[in-house]
Ligand code: FES
């Protein structure tokens, strides 16, 4: 059974097995989204008319009072018939990259750090996305999907680059650190998420600081390269925080950027050991030590929740405007089926 959703003057058909979010994104209609799993609350919206089935919406993210007040999580809710939804914020309903399902071929598997791999996926047709967004992989032989950020710029739309950290017992890790091989076929869904470089017409070339924890570096690589290509003289400071030196990767690749762009700096920070050439401690603290004022800068954080929260505090301490702080929390990206 299908239903229809009205939003900001647009009308979108929604198939019976689709969430409101999926139906809108497949139609190229933007709305805020991040985890696509009912945990972050980014996609909360108001049901103005009609009814929805909240399906698996967790009570921690959508309380009983919020449901009674007509709120819903778009990534979980299914419309029951003709439904109208609304959201605070003027951009709801604008055009965005269309959410698509594609079949990809594994074209590269590379060990880049301890328990960390780079996976390259070749596409037969290009995927339109903004640097920083993520895709979901359907783990072969299962019905499980796992999210992975893209390390690409938008122009690199035929070979997707993912950085994958091994999660012991994780269903995707069992494949990606096990039998995966060049030539394997995998289903990809994307693009998803609002953690991405601003559209070109809104990018004013302001200074940027990006802090990534572990494989949270991946989307920051795409964002930093895009930002520098648009404004080669802009100031971009990238901090990569890991526990041990053995967890670092792509150091040479990022150091090359420091040669090509004079405004680009790259700092590696180790939290569990000291080693020559790297800072010791936590990446947000290193930023606070280095930068006296980040007023007018934009900030980009991707990694474990504790690192992201520490980064938000560090940015505010250095007077960055909250509206310029962008964050992507990596929660348990891989777990048992
Ligand atoms: S709760 Fe829907 S995108 Fe996170």
Is one or more of the residues making up segment 329-337 over 23 Å from the mean Cα position of the chain (by Cα) and in contact (Cβ under 8 Å) with a residue 40 or more places away in the chain?
no
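Condition check ((1) in contact (Cβ under 8 Å) with a residue 12 or more places away in the chain; (2) more than 18 Å from residue 156 (Cβ to Cβ)) across all residues:
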| site | (1), (2) |
| --- | --- |
| 206 | yes, yes |
| 216 | yes, yes |
| 225 | yes, no |
| 246 | yes, yes |
| 256 | no, no |
| 263 | yes, yes |
Residue among 147, 168, 191, 219 that alone is more than 20 Å from the chain's Cα centre (by Cα) and under 26 Å from residue 40 (Cα atoms):
168
Test: residue 64 is within 14 Å of the ligand (Cβ to nearest atom), over 21 Å from residue 329 (Cβ atoms), over 19 Å from the mean Cα position of the chain (by Cα) and outside the structural domain of residue 148 (by TED's automatic domain parsing):
no
What number of residues within segment 34-56 satisfy the criterion of being assigned to a loop (DSSP other than H, G, I, E, B) and surrounded by 22 or more Cβ atoms within 10 Å (Cβ to Cβ)?
2
Output yes when any residue across segment 2-10 is touching a strand residue (DSSP E or B) at 6+ places or on another chain (Cβ under 9 Å) and within 13 Å of the ligand (Cβ to nearest atom), and no when none is.
no
Given the criterion over 19 Å from residue 26 (Cβ atoms) and either within 19 Å of the chain's Cα centre (by Cα) or modelled with pLDDT under 95 (or both), identify the matching residue among 102, 121.
121
Kindly provide the set of residues from segment 118-134 that are closer than 22 Å to residue 303 by Cα and in a loop (DSSP other than H, G, I, E, B), ordered by number.
129, 130, 131, 132, 133
Residue ranges of helices (runs of 4 or more DSSP H) in segment 251-333 with at least 1 members closer than 29 Å to residue 42 by Cα
283-290, 305-317
With the condition kept exactly as written, say whether any residue in segment 226-242 is touching a helix residue (DSSP H, G or I) at 6+ places or on another chain (Cβ under 8 Å), assigned by TED's automatic domain parsing to the domain that holds residue 275 and assigned to a loop (DSSP other than H, G, I, E, B).
yes
Counting only residues that are over 18 Å from residue 17 (Cβ atoms) and not in a strand (DSSP E or B), which one in segment 67-87 is farthest from the ligand (Cβ to nearest atom)?
68
Note: among 80, 138, just one is under 23 Å from residue 4 (Cβ atoms) and out of contact with any helix residue (DSSP H, G or I) (no Cβ under 6 Å at 6 or more places or on another chain), namely 80
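The values are calculated or read from the model by the stated rules, or taken from the named source; none is laboratory data. Note that the structure is a prediction, hence the values are computed from the model and not measured. No Cβ is skipped: glycine too gets one built from the backbone with ideal geometry, and neighbour counts run over all protein chains shown.
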